[in-house]
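Everything on this sheet refers to the single structure shown next.
Throughout, read-outs are computed from the coordinates displayed, never taken from laboratory work. Predicted model, so just to flag it, every value in this text is computed and none were measured. Virtual Cβ from ideal backbone geometry, glycine too; neighbours counted across all protein chains shown.
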Amino acid sequence: MFTDTLSATLQGINALMVHVETDISNGMPMFNIVGSPGSEIREAKDRVRSALKNNGIKIPTARITVNLSPGDLRKDSTSFDLPITIGMLTAMEYIPGKNTEGILFLGEIGLNGEIRAVRGVLPVIMAAAKAGIKECIVPLDNAPEGAVVPDMTVRGAQDLKSVIEYLLTFDDSILPRVNADPDMLFEENSSFIPDFGDVRGQERAKRAAVISAAGFHSLLMTGPPGTGKSMIARRIPGLLPPLTLSESLELTSIYSVAGKMPKGRSLICNRTFQAPHHTITGRALVGGGPVPMPGIISLAHRSVLFLDELPEFGRDAIESLRQPLEEKSIHINRIKYSVEYPADFILICAMNPCPCGYYPDRNRCRCSENEISRYLGKISGPILDRIDLCTELRAVELGEIKGDKKGTGSEQMREMVARARSMQKERFKGTKYRFNADLKADDLGEICRLGKKEDELMENLYRKLELSARSYHRILRVARTIADIEESADISCAHLLEAASYRPDLEYFR
Amino acid sequence: MEADELLQINVPECERPYAFWLVSVPWIGQGAVPALLKAFGSPEEIYKRSDDELRYGKSRKNGIEALLEYRRTHDIFSEYERFLKSGMKLTFVWDMDYPGRLLHIPDPPIALFYYGNLPEKDRLSVAVIGARMCSGYGAKLAGELGSELGKNGVNVISGMAAGIDGISQMAALSSGGASYGVLGSGADICYPESNRTLYERLKENGGIISSYPPGTKAIAGFFPPRNRIVSGLADAVVVLEARARSGTLITVNMALEQGRDIYAAPGRLGDELSAGCNGLIGHGASVYLSPEIFMRDLFEDHADRLSSGKPAIAFEKNYIRTNFDSACDKRHRGYDCEKEREPALDESHLNVYRQLSLYPQSAEEIDEKLRQQKILSPGETGICLILMELCLDDLAIQVSSGQFCRK
């Protein structure tokens, strides 16, 4: 007998519906899975057979064929275990075929029939909702993330026995529906992000952090060890406005596909902070692998990617950031697949100014010119070109650390960011832009129009500071954000001067 | 063998290839060649001796072996021909054009290989030396002194190293003066490579001098002997920045042996890069206060040479009258003249400008200073804006993204 069960496979951070067709007919006893299955799926037949046997169900000695349609799409996931089992049970007429109609199945099965968590449940359920499906049965551990999708009945299953029982009786108490209200989740889950008030001194670096968060500008912090570079970076996610529901669903999808969802959580409701170690490979950073997986930069989507000790990162890893920084997403093409993951993040970098960390304080730094230039030379020019702001931290004196005087707090800084964000939202309504940092050179003249006095100042800056065309544009973009923070429609001389003081192309980097 | 004795040797033109052979290996000890000359009389005589005869005696073995090896493997006449065609020049201690100043130092180099010229006998020469990894403060002093010396026709002698050496030499050239670089490698090798521009310009206006034969690679052991040539070629030695233990101080020791005047630029106590200089002052070196004062002292000390009939530089006495009286007296009158030198700025800019010094500072530090002096501070961001404006007016320099100093 032939049956058709619904499931889905991942494609990037989206999912495609897959029909699991099962046929049991007379002939030489065998069990075949066709339809471009990956090795995980080919192994499924052993898991399915044992799980059924251990639940007291005997597999008929017949020719069993399972087809995953569409057949030309490669599928690698253990999540087909459950739909294949259900397909066989219906084909065996153990469960009436009509009972499984319109229900999507997803899950890995253990040899004892236990149903285990899989990756990418949220994108699958979102795709199912789009395809008009009303009910999904997924592993219990994954149920919360699926439950946020509106108009969808999501049931979490722990073992095969309960799924079968439910499909025979439709008794709600066997597989209770899992509910989640996104609004409630947002309130519950706003987890703790440390406050900028803990950072004493370093007001200039904090100011740079505000500008960075306000205009989505990438930021490079230099300074001796222990001056608070990482401390500042960790607090930047707290300056960004809260995620909207659609941003949150997008980010949750990425986490779900990467298998990084925290247990029991249904949504990623906060801006994330990704700080990979400098030994990370290019592939781990941008994603890829034999089975496509999002990399760290996609996990930092709409959030902060922090690269501490920038010169220590491998050249491959850093160079691979170039495309995502431009396009806000990453395309990964391999022989077996081609996927696109979103990657729209603020790049925050930190580094020591020289191998020992104390340059330009010649009293403490004994690195030779050669050592310093070799150290700085490790940072590739193209990446430095994509950094809008550069700020230097200095060693904080003991008095400041011990003093009770708190620095500017996150609350105050968040307000500045919010002001600049609403200015940008207003300005970019109906354009392709979202933030000042995205502004292309062609549109800068229009959007960052300067008065006569400001134009003269810019000319003066261009000559005196020996700017390149690129850094000229960079100053304009940053100045626009500074003006936005002050809710000023026009860019003033003060804005330009401040922007110029953060320019990263000092002689120091040449 | 003293220089006087060496001078007695009469080496006819036809013996030059033999003499060239004697100085063609870099690691032959300074004493070895004079000892050979003393023993055998002339370069040709030495060349004609057998290996065993030359090996005999106290001469340093490695050097002699290298010399013998060179004799075995090379045809010294064609090597000398080739050298003559290369454009590099060579002077021996017994030659007329050998720098007179070097004749009076212990251990004068037997030969000097050079491009360009040798320092003129009748012009004052000053060695400006200091740390390779210098601070902005040292770099600024080196630039000032170099250009003042260059403007007034005083030769600047130095080692063409990174840092103080190169900066002062470049400044002298840029202000129209001449400068001489003494290398610890062959004169045809530019070391360090980063000073390539300076190297080329020194060939044009001044010279590149080395006691090592062409093709010699720079190794650490070659630098102390070259330092004695740096100080030997100079009438006075100025140390602008040096650590407590540094190569610069080796030069100073040699200069003392040679009887040269030592000047040292004072620095802040606790600054490692000034520790050597401050130590020198403690030991009685003259204090370097400003280019003007230094020039006055220099001309006064060497007044006899300037007036003793040798062609002197005419403007030197005038210099003392005009430049010194006006410029450096002012420096000494103190605060009043500082104010006079201040640019026309408004109150807030002036307040920030006054806090700037040659040592780089951050906006935060300036903010703190203003608060301590009970002056209304425009806040860190405000100070930054003012600093940027000062940069645009050429009154300040942004040395790194957060630090500024006075220009």
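Values for this structure:
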| read-out | value |
| --- | --- |
| Calculated on alpha-carbon atoms, Rg and Dmax of the protein assembly as shown in Å | 39.3, 126 |
| Charge sum, other residues only, whose C-beta stays under 11 Å from A:P224's C-beta, Lys/Arg counted +1 and Asp/Glu -1 | +1 |
| Taking the convex hull of Cα positions in chain B, its mean projected area over all directions (nm²) | 22.4 nm² |
| Sequence-separation-based contact order of the range B:3-80, relative, with Cα cut under 8 Å and 6+ spacing, percent | 40 percent |
| Percent RCO, i.e. relative contact order, over the range B:342-406, from Cα pairs under 8 Å lying at least 6 residues apart | 40 percent |
| Set A:K378/A:K429; A:K134/A:K429; A:K452/B:K140; A:K53/A:K98; A:K53/A:K336; B:K121/B:K407 screened for pairs whose C-alpha atoms are more than 28 Å apart | A:K378/A:K429; A:K134/A:K429; A:K452/B:K140; A:K53/A:K336; B:K121/B:K407 |
| Inter-site label distance for A:K134 and A:E459 at 7 Å from Cα along Cβ, in nm | 7.2 nm |
| Formal net charge of residues neighbouring A:P294 (Cβ-Cβ distance under 11 Å; K, R +1; D, E -1) | +1 |
| Per-residue ³J(HN,Hα) for the range A:459-474, Karplus 6.51 cos²θ - 1.76 cosθ + 1.60, θ = phi - 60°, Hz, x for Gly and Pro | 4, 4, 4, 4, 6, 5, 8, 6, 6, 9, 4, 5, 6, 4, 5, 4 |
| Cβ-derived FRET efficiency at R0 51 Å, A:D316 paired with B:R55, nearest 0.05 | 0.30 |
| Cross-link pairs A:K58/A:K161; A:K425/A:K453; A:K328/A:K432; A:K464/B:K203; B:K89/B:K217 - those with Cα-Cα distance over 20 Å | A:K425/A:K453; A:K464/B:K203 |
| Karplus-derived 3J(HN,Hα), 6.51/-1.76/1.60, for each residue of the range B:349-355, Hz, glycine and proline x | 5, 5, 4, 6, 4, 5, 7 |
| Per-residue ³J(HN,Hα) for the range B:223-235, Karplus 6.51 cos²θ - 1.76 cosθ + 1.60, θ = phi - 60°, Hz, x for Gly and Pro | 6, x, x, 6, 4, 5, 6, 4, 6, x, 7, 9, 8 |
| Computed over the range A:196-430: relative contact order in percent, which uses C-alpha pairs under 8 Å that are six or more apart | 33 percent |
| Residues whose placed amide H lies under 5 Å from that of A:D159, excluding near-sequence neighbours | A:I115 |
| Amide hydrogen neighbours beyond the local backbone of A:G295, cut-off 5 Å, H modeled | A:G287, A:G288 |
| With Cα atoms, 0 to 90° folded angle of helix A:121-130 axis to chain A main axis | 70 degrees |
